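No value in this document is a laboratory result; all are computed from the given coordinates. What you see is a predicted model, and the numbers here were worked out from it, not measured in a lab. Every residue, glycine as well, gets a Cβ built from its backbone with ideal geometry; the counts of neighbours run over all protein chains shown.
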Amino acid sequence: DQVISTIKQISVNTVSVMEVECVQEGCKSETLRNLATSLPEEQCLTIVFKGGRKSLDLQCDTKEEAKHWVRGIQTLQGRVNNMTQKEKLDKYPLADNQIQFYTTEVQTLFKMINIDLSEENAVSLFKKCDKSADGRLEHEEIELFCRELLRRPELDAVFQQYSANGYVLSTVDLREFLKDQGEDHTLVHAESLVLTYELNEWAQKNQFMTPNGFTMYMLSKENDVYNPEHGRVYQDMSRPLSHYFISSSHNTYLTKDQLIGESSIDAYIRALSQGCRCVELDCWDGEKKPVIYHGHTLTSKVPFSEVLKVIAEYAFRTSPYPLILSLENHCCVEQQTIMAQQLHSILGEKLLNKPLNDKALQCLPSPEDLKGKILIKAKTIKMEQDSSSSDSSSSDDESKTESKPKAWKVSRDCKLSPELSDLVVYTHSVAFKQFDPCAKKPPNEISSFSESDALKLIKESGKLFVRHNSMQLSRIYPSGQRVQSSNYNPQDMWNAGCQMVALNFQTQCEEMDLNRGRFLPNGRCGYLLKPSFMCQPDSEFNPENTGGGPGHNPTLLTIKVISAQQLPKPDKEKLSSIVDPLVWVQTYGAPIDNNTKKTQRIGNNGFNPRWDCTFKFQLHVPELVLVRFKVEDHDYATKNDFLGQFTLPFTSMRTGYRHVHLLQADGSSMSPSSLFIHVKITPSKTATTECETSYNLF
């Protein structure tokens, strides 16, 4: 195969299938498009990776070979996504029982798996497993070695607590455990768990669960801290659009910064694959047809039509609910007309270009009503004429406020194309003036706010902003000073009921962790129903004052961080070192609920560190709270290194003994890295900030 994207040292470069976002057939990437006249399209493909990694373009010898590549990678992706916990554990370095280990290699092995064990203890463990006493381990001895190393004393303690005889869990024992966990504790469910996770045939036949089977169950998705029932669309999707938080992207086309970064269709694929339901298209005049790029900068350009083709292909692969195209329109009237023609021809029936019915609009239609439809968000001729404060054809007010330096402002005499204006149905962009009674405002108007303007409104008129957002959509965008594509805290905006809190998806950061956590539930469909106290036009909820009133439901969240398993090393430069992990537990919500706690560091152990530290969080508006677990490698001289994190809504947490399966900075899996925790949730009237060292059990 001819590799268009250069890969050095190909013999030692590998890519995990878990890092692949998707595979595109044909000349879809910018590189392949530029070479399209000299390349046979049916022999080309592009592998799009998660995060900011550059895509890989390939040309195969034949079209059949190209199809084999595409099908092969897609098959591998499917298998990885459906791996059992046993299969995931088997991929760890210790799993190959066909190799041999010698005493001299044990310490090297321990460094590889991120654990610092004294030579005396390492040799002792080796000898314990070397049943043949020949100074090497092979076959069953390696399996025994793995079992000893992977043994979980903290899980054994839980097992012993519920086992009547100390050796196995009967279905009666297991039902008692499930009851304490808040799970379905029927006999049928207990028996199904034994059949699914017990590896010993005798135990399975007699409906017992051994410690190994219990470990498999505890590490599975069925025992995840995240409620698996929220992995599907479970919320009411028939409410007005204004009643939902909507996953939204800013400058979607950029892969890096806003000055010289590359514009790419891959960025749209990544955003849509993450469930994003509002993407931005920054449209400018091209030589003959419109292009997308960050105007007046050195960022590269992508044809408007190419972006639409990708959107048409990927719009509803992850979510069936409506996709909103936020047009930041800087084009002349002639090229706006071309935009309208391309929207029609490329999006076809997916494009919503007329109201769903002839009835007077009392409220916005629902995600269910708009299923499979693409909406255009832009200014319209009528709105432009009605608004004396409007100064451009931009779809929102970004172009005249913070997103561009003053010298880049769009001219005031720029006009709108009737053909493009007619495509705007339920998302008419208007400049915000003031908070009026909701009944006086058309529900199909949407205003955009810079992060600083939004924060000011929340601080000064939080209650009015919540009421405004009960009927109309609001879009928040980052400050123009964030030229490196950094992000603001989206939680501040969600606290006021703002639906479209647009972030730079290309930047891997804490704020994007929060965004992924917020939209984790409801099948990751990109629409999340707001709390009911935010959906009334006369709502009394004020995010700046939550000492009582709507949404105020004092709750005590107690989290015990017990241990971690198989943590990674931070980067390739530190492969020879062993991590000193510590865990942060953070809550984000209304200002009164923001809190951060951390464990002590554990020296030289990334394989099975143990903390047994308990944190208590007093929550006042739990329906808005996100809980974030972050693991770092402690460093005395420099900033701690990020190892992994997981963020989820408080309302999606499960109580009892749970595993937190950590994610990488780009949101992809870090399996089998995890935290083992205990969660307790109780109603509470008083605040506490205690940190205990352990439970009575340990």
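Worth a mention:
- Protection proxy ranking of 374-380, 27-33 - average other beta-carbon atoms within 10 Å, highest first: 374-380, 27-33
- FRET efficiency estimate (nearest 0.05) - Cβ-Cβ, residue 634 to residue 610, R0 22 angstrom: 0.90
- Global form of segment 492-602, assessed from the alpha-carbon gyration tensor, a/c cut-off 1.5: prolate
- In this structure, the pairs whose alpha-carbon distance is over 19 Å, taken from 50/597; 530/685; 309/373, are 50/597; 530/685.
- The slack in the chain from residue 368 to residue 536, taken as 0.36 nm per residue of separation less the alpha-carbon distance, amounts to 58.5 nm.
- Normalising the average separation of contacting C-alpha pairs (under 8 angstrom, six or more residues apart) by the number of residues puts the relative contact order of segment 153-220 at 30 percent.
- Taking segment 555-692 and dividing mean pair separation by its residue count, relative contact order in percent (alpha carbons under 8 Å, at least six apart): 33
- Residues with amide H under 5 Å from that of residue 674, placed H, sequence gap 5 or more: 565, 662
- Listed by Cβ neighbour count within 10 Å, with the fewest neighbours leading, 57, 134, 453 appear as 134, 453, 57.
- Segment 555-692: C-alpha gyration tensor shape, a/c 1.5 cut-off, then a/b vs b/c: prolate
- Overall form of segment 418-543 per C-alpha gyration tensor (a/c, 1.5; a/b vs b/c): rounded
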